[in-house]
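J.: The structure's right below; bear with me while I get my questions together.
Taken together, the values in this text are just the output of simple stated rules run on the coordinates, not laboratory data. Everything quoted here is computed from the prediction, not taken from an experiment. Cβ placement follows ideal geometry from the backbone for every residue including glycine, while neighbour counts extend to all protein chains displayed.
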């Protein structure tokens with residue numbers, strides 16, 4: 001069965017520091033992987049997605065993620081965090097039909 | 001252009017009542033998805049439409065939940081005999097093509113359902 005694990009429920013980083021949010025998935029075939037961000041009062045917004053090809057994927061707002069098949073991971077990174085990045089981040093795995101399985105989410109707080 | 005819209009934004013009802021939640025997808029999007037997000041959790045898949053038909057309803061928790069999309073555009077999620085455990089934010093998303101796994105799903109702001 002497909003599943004997604006985000007081990008960190010809450011992370012706090014200082015503004016300007018680097019960020020890495022962890023995501024591990026379980027899926028039998030080549031997964032379709034996504035990162036979404038959810039800000040208070042806002043809908044889910046896609047940051048980036050991976051289907052095939054280059055395992056390092058660039059997204060919006062300066063985010064990137066790396067697919068590592070051997071570790072079943074798809075970690076999200078950003079070199080320098082801004083206060084506006086404070087939000088809830090969700091990793092998801094999708095099947096060919098489009099159904100998304102989401103992780104529990106990681107809440108990011110940014111210290112000034 | 002207009003994004004996915006959902007109405008109402010908030011719905012408070014009493015246990016045992018019937019509710020309908022509406023989703024207007026992005027114009028021209030053929031695939032439509034419903035998810036449910038409980039407090040502190042990620043969204044949970046409920047059902048997916050391709051055009052007018054439900055292509056995958058494996059996430060509907062029981063027969064109190066039903067969804068329709070009669071003209072292949074607007075969709076309504078219907079919940080009968082609501083229970084307190086149904087309280088959650090109900091999210092709708094749409095995507096532009098075949099609903100395949102590579103499509104980007106665009107999410108609406110959600111309907112917050114509270115069952116008293």
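J.: If I take all pairs of Cα atoms in the stretch A:12-64, what percentage of them are more than 12 Å from each other? Each step should come with its number before you reach the end.
T.: Details: 1023 of 1378 pairs.
Beyond 12 Å sits 74 percent of the P(r) for the stretch A:12-64.
J.: With the contact rule set at Cα under 8 Å and sequence spacing of 6 or more, what percent relative contact order holds for chain A? Write down the numbers at each step before the final one.
T.: Values: 276 pairs, mean separation 42.4, N = 112.
Across chain A, relative contact order equals 38 percent.
J.: To continue, here is another question. Taking the Cα centroid of the stretch B:20-40 and of the stretch A:33-112, what is the distance between the two, rounded to the nearest whole Å?
T.: 20
J.: Kindly give Rg over Rh for the stretch B:1-111, based on alpha-carbon atoms, with the Kirkwood expression for the hydrodynamic radius. Numbers along the way, then the final one.
T.: On the way: Rg = 13.2 Å, Rh = 13.9 Å.
We get a ratio of 0.94 for the stretch B:1-111.
J.: In nm, give the distance between the simple-model label positions of residue A:5 and residue A:22, each being 7 Å from the Cα along the Cα-to-Cβ direction.
T.: Each label point is offset 7 Å from its Cα along the Cβ direction, giving 0.9 nm.
J.: Another question, then. Using 7 Å Cα-to-Cβ label points, what is the residue A:80/residue B:52 separation (nm, one decimal)?
T.: For the pair residue A:80/residue B:52, the computed spacing is 5.5 nm.
J.: Measure off 7 Å from each Cα along the Cα-to-Cβ vector at residue A:64 and residue B:84, then give the distance between these two points in nanometres to one decimal.
T.: Here the modelled spin labels are 5.0 nm apart.
J.: Which FRET efficiency, nearest 0.05, do residue B:116 and residue A:54 yield, Cβ-Cβ r, R0 45 Å? The partial results should precede the final answer.
T.: Numbers: r = 51 Å, r/R0 = 1.13.
Efficiency for this residue pair is about 0.35.
J.: Among A:26, A:72, A:84, whose mean-square fluctuation peaks in a Gaussian network model of chain A (Cα, cutoff 10 Å)?
T.: A:84
J.: I'm a student and want to see the number: the projected area of the Cα convex hull of chain A, averaged over all directions, in nm². Walk me through the numbers before you get to the answer.
T.: Details: hull surface 27.1 nm².
The Cα convex hull of chain A, projected and averaged over all directions, gives 6.8 nm².
J.: Okay, moving on. Report the Cα-based extents of the protein assembly as shown along its three principal axes, largest first, to the nearest Å.
T.: Result, largest extent first: 49, 37, 36 Å.
J.: Once the mean 1/r over all distinct Cα pairs of the stretch B:1-51 is inverted, what Kirkwood radius in angstroms do you read off? List each step's numbers first, then the result.
T.: Values: mean 1/r = 0.0768 Å⁻¹.
In the stretch B:1-51 this quantity evaluates to 13.0 Å.
J.: Normalise the Debye intensity by I(0) for the stretch B:69-116, one equal point scatterer per Cα, no solvent, then take log10 at q = 0.23, 0.25, 0.27 Å⁻¹ and round to two decimals.
T.: Debye output, listed in q order: -0.94, -1.01, -1.06.
J.: When only C-alpha pairs under 8 Å and at least 6 residues apart count, what is the relative contact order of chain B, in percent?
T.: Details: 299 pairs, mean separation 42.2, N = 116.
Rounded, it is 36 percent for chain B.
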